[in-house]
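In what follows, a single structure is set out as structure tokens and then discussed.
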């Protein structure tokens, strides 16, 4: 295959698509691109010549620089339906890295835009604890600390599962900034394991799904670092 250097311009992407073959190109929309997990995903996708990243954020200044050459930046809010649908055009995979008291409303906006633009594949990061699936003393502690804020996360999960999209929901443990990729997975109906997981590990799983979008379709996955069972995260 001929080597193609992809630069951050529409012309470069047009040339790359012609040389690599359009079937190899993958357009990925990252919502909440200024987030900490998203930063790792963006970096892990940066050297992939067959991926074009669209980085969508309310505050683009929060997106880590330098910007990858295979990316473009769009300033926007997922609750701005016109802006979101414009960003959604031609995307193959949507990765949502969103949060807030209105997360369920944001999720429904994403779902509506994806359906309007005939985009099927969604990766959405939520949180552990939305199903009261965390056992033991850690579960009791987790509920005491974040039970109320998790209610819109649960409503978002319900909307995604009922959407008819090819979704993957991720429910990470408490997040760390450790420079490590080490994780294990639990299903929706399994007790949650561990107390922590690195943002870099969550990003590695997201990147793997973006690389192989057929993986984990219709799954609702807990993700934690093995061997971190305890009554609460070590840093609390």
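Cβ-Cβ distances below 7 Å connect the following pairs, each with a first residue in region 185-201 that is on the phi > 0 side of the Ramachandran plot, a second residue that is part of a loop (DSSP other than H, G, I, E, B), and a separation of six or more residues or different chains: 194/173; 194/225; 194/226; 194/228; 194/229.
How many residues are surrounded by 15 or more Cβ atoms within 10 Å (Cβ to Cβ) and in a loop (DSSP other than H, G, I, E, B) when one looks only at region 196-229? Step through it out loud before you land on a result.
Within region 196-229, the first condition is being surrounded by 15 or more Cβ atoms within 10 Å (Cβ to Cβ), and the residues that meet it are 196-207, 209-211, 213, 216, 220-225, 228.
Going one step further and asking which of them are in a loop (DSSP other than H, G, I, E, B), we end up with 213, 216, 225, 228.
Matching residues across region 196-229 total 4.
When 178, 166, 161, 133 are screened for being in contact with a strand residue (DSSP E or B) (Cβ under 8 Å, 6 or more places away or on another chain), surrounded by 13 or more Cβ atoms within 10 Å (Cβ to Cβ) and either more than 21 Å from residue 216 (Cβ to Cβ) or at pLDDT below 95 (or both), only 178 passes. Being within 15 Å of the chain's Cα centre (by Cα) and either without any contact (Cβ under 8 Å) to a residue 40 or more places away in the chain or part of a helix (DSSP H, G or I) (or both) holds for only one residue in 82, 107, and it is 107.
With the structure loaded, tell me whether residue 148 is modelled with pLDDT under 95, surrounded by fewer than 23 Cβ atoms within 10 Å (Cβ to Cβ) and out of contact with any strand residue (DSSP E or B) (no Cβ under 7 Å at 6 or more places or on another chain) or whether it fails that test. So residue 148 fits the description; yes. Can you name every residue in region 51-66 that is over 17 Å from residue 83 (Cβ atoms) and modelled with pLDDT of 95 or more? The answer is 51, 52, 53. Residues that are crowded, with 16+ Cβ neighbours inside 10 Å and in contact with a helix residue (DSSP H, G or I) (Cβ under 7 Å, 6 or more places away or on another chain) were ranked within region 182-195; the one that is nearest to residue 226 (Cα to Cα) is 183. Of all residues in region 178-195, those satisfying the criterion of being more than 14 Å from residue 135 (Cα to Cα) and outside any loop (DSSP other than H, G, I, E, B) are 184, 185.
Out of 118, 132, I need the residue that is without any contact (Cβ under 8 Å) to a residue 40 or more places away in the chain and within 24 Å of residue 224 (Cβ to Cβ). Which one? Quick ask: steps written out before the conclusion?
On the way: 118 fails: within 24 Å of residue 224 (Cβ to Cβ).
None of the other options fit; the residue is 132.
The values are calculated or read from the model by the stated rules, or taken from the named source; none is laboratory data. Since the model is a prediction, treat every value here as computed from it, not as a measurement. All Cβ positions, glycine included, derive from the backbone under ideal geometry; neighbour counts span all protein chains shown.
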